[in-house]
Amino acid sequence: MSTSPLPAPPGRRGVPVIGETLDFLKDSYGFTAVRVAKYGPVFQTSLLGRRRVVISGPEACARWVDESIIQRADSMPGPVRDVFGGASLPLLDGHAHRARKRLVSSAFAAQRLDAYMPDLRALIDGFLSGTAARDAPIVAVPALRKLAIACICKNIMGLDPGPEVDELVADYQIVFSAPNGVPVNVPGTSLRRAIAARDRIFGVFDRLIAQRRAQPRDDGLSTLLQAVAPGGERLDDVACRLELHHVVLAGYIVFGELVGALVQLDRHPNAAARLRDEIDARAAAGPVNMGTLEVMPYLQRVVLELKRHTPVVNIFFGIARREFELGGYRIPKGRSVMLSLTACNQSPATWTEPGRFDPDRFSAERAEHERHEHAYVPQGAGRMDESHVCVGVQYTTVIMSLFLIQLLRSYAWSLPEQDLSYVWSRIPAEPKDGLLLDLQPR
């Protein structure tokens, strides 16, 4: 037993066995927000049959990225681990993590991003022109989900839009529905359906891996299979399958940020007009590459703020390797630790009026994101080469930037009367009415 004089974090454990699991599954974003407001950035709870500590804020991130304090291996609850299918990047530590990350990052290097852009533009243009051709508003969320996966499938796996991609979209929707149901793998549950969908996805990936082994192409998967880490490590077929799944899971959620872009720029017409003026001045027509994005500072701020502001993935999982202190509280060795990225990016300790959409908080004059090394953590904390920051940070930035450029170059839009409040049980959270969108040529 510890002799530390520090108290345990505040909080409650809820009812026996279940703890506070039902409240968490119903709305993990609100669950953490309410408790952070009540207890501060460190609190304890009981979720999914285990005592857990939820942390947030810059100092919490500093602990989180310290490998001597937090391990990621074996940290995910069983149902979440089942959906992931095995030990992909989020569940590796130390040398194994760094070597794997170097391999997976090869598919998202700068030269690969430039190579992906023509196909991304074509897919985004297809979505926008097809939507504008409709005589009535569309329900945008399903279409944006499909667009997000179509982008990943084309860039990473060389798959063109069609029935196979449609089946992957449908199966990933089933996979992402798993957190909404009873977290038990028995017939009839959402978890059982999600695992079956995962296995169908794995079957597609296994076939594609075999094809690219035999005949490489100019796509991300071929890059992954040819990559070699500094220690000589390569991805075998099982690891490659897991990382493809991890990449699609991570990239799929960009649809939530595209939803956020349409909603926030509709609510903030001055920001939309300012962004359109920059696009008209610097990217009015023609191809767009990484160099184009670098000379568009307001576009960069809008994308950064959308990532900060949009509720996508709230919780990351870890385990305390040793006892440590945070916020004046003792967190014991072996305790499950959960980092709330949403609470980090909404922390009043870092951000001025954090609930307000304000791209200029990222301007050189204000630079709120530089108030602390770990102030801004939309896709994980720490350095890319050392921590568990998402390897697709720049890839999602490219998709969002191209979407905004193509949207504001050529179209105007409105959101008909509807319920724009969120369904918080979904990952990412999404508007209740599915985002009714009326898009017209500019």
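The values are calculated or read from the model by the stated rules, or taken from the named source; none is laboratory data. These numbers were taken from a predicted model, which means no experiment stands behind them. Please note: Cβ atoms are built from the backbone with ideal geometry, for glycine as well, and neighbour counts cover all protein chains shown. Side chains included, ligands, DNA and RNA excluded: accessible areas come from the protein's heavy atoms. Shrake-Rupley method; radii C 1.70, N 1.55, O 1.52, S 1.80 Å.
Yes/no matrix, rows are residues, columns are (1) surrounded by fewer than 21 Cβ atoms within 10 Å (Cβ to Cβ); (2) touching a residue at least 24 places away in the same chain (Cβ under 8 Å); (3) among the acidic types (Asp, Glu):
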residue: Ala110; (1), (2), (3): yes, yes, no
residue: Ile124; (1), (2), (3): no, yes, no
residue: Ala143; (1), (2), (3): yes, no, no
residue: Ile156; (1), (2), (3): no, yes, no
residue: Pro161; (1), (2), (3): yes, yes, no
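One line per residue, one yes/no per condition, for (1) more than 26 Å from Ser347 (Cβ to Cβ); (2) assigned to a helix (DSSP H, G or I):
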| residue | (1), (2) |
| --- | --- |
| Val288 | yes, no |
| Gly291 | yes, yes |
| Val302 | no, yes |
| Glu305 | no, yes |
| Pro311 | no, no |
| Phe317 | no, no |
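Out of the residues in region 268-286 meeting the condition of being small (Gly, Ala, Ser) and outside any helix (DSSP H, G or I), tell me which one is surrounded by the most Cβ atoms within 10 Å (Cβ to Cβ).
This residue is Ala283.
Which members of region 331-368 meet the condition of being open to solvent by 10 Å² or more (accessible area, probe 1.4 Å), charged (D, E, K, R) and not in a loop (DSSP other than H, G, I, E, B)? Lay out the reasoning, then the answer.
First, pick out the residues of region 331-368 that are open to solvent by 10 Å² or more (accessible area, probe 1.4 Å): 332-335, 342-343, 346-349, 352-358, 360, 362, 364-367.
Narrowing the set further to residues that are charged (D, E, K, R) leaves 333, 335, 353, 356, 358, 360, 365-366.
Listed by number, the list holds a single entry, Asp360.
Of Leu265, Leu304, Leu258, Leu326, which residue is buried (at least 21 other Cβ atoms within 10 Å of the Cβ), in contact with a strand residue (DSSP E or B) (Cβ under 9 Å, 6 or more places away or on another chain) and under 24 Å from Ser28 (Cα atoms)?
Leu326
Please identify the pairs in which a residue from region 6-19 that is closer than 12 Å to Phe43 by Cβ and free of Cβ contacts under 8 Å to residues at least 24 places away in the same chain has its Cβ atom under 9 Å from the Cβ atom of a residue that is open to solvent by less than 50 Å² (accessible area, probe 1.4 Å) and part of a strand (DSSP E or B), counting only partners at least 6 apart or on another chain.
Going by the 9 Å Cβ cut-off, there are no qualifying pairs.
Given (1) touching a residue at least 24 places away in the same chain (Cβ under 8 Å); (2) open to solvent by 10 Å² or more (accessible area, probe 1.4 Å), where does Asp66 come up short, assuming only one miss?
(1)
Being crowded, with 18+ Cβ neighbours inside 10 Å and among the basic types (Lys, Arg), is that true of even one residue in region 222-238?
The answer is no; no qualifying residue exists.
Hey, can you tell me all the residues within region 404-423 that are in a loop (DSSP other than H, G, I, E, B) and crowded, with 18+ Cβ neighbours inside 10 Å?
Leu415
Within region 42-56, can you find the residues that are of a type outside the set (Val, Ile, Thr) and over 15 Å from Tyr29 (Cα atoms)?
Correct list: Gln44, Ser46, Leu48, Gly49, Arg50, Arg51, Arg52.
Quick check on my filter: what residues within region 190-236 are closer than 20 Å to Pro90 by Cβ and assigned to a helix (DSSP H, G or I)?
Correct list: Leu191, Ala194, Ile195, Ala197, Arg198, Asp199, Ile201, Phe202, Phe205, Gly220, Leu221, Leu224.
Would you say Asp166 is open to solvent by 60 Å² or more (accessible area, probe 1.4 Å), part of a helix (DSSP H, G or I) and closer than 22 Å to Val254 by Cα?
yes
Check off (1) over 26 Å from Gly30 (Cα atoms); (2) within 17 Å of the chain's Cα centre (by Cα) for Asn345 and give me the number that stays unchecked.
Here Asn345 meets the rest and fails (1).
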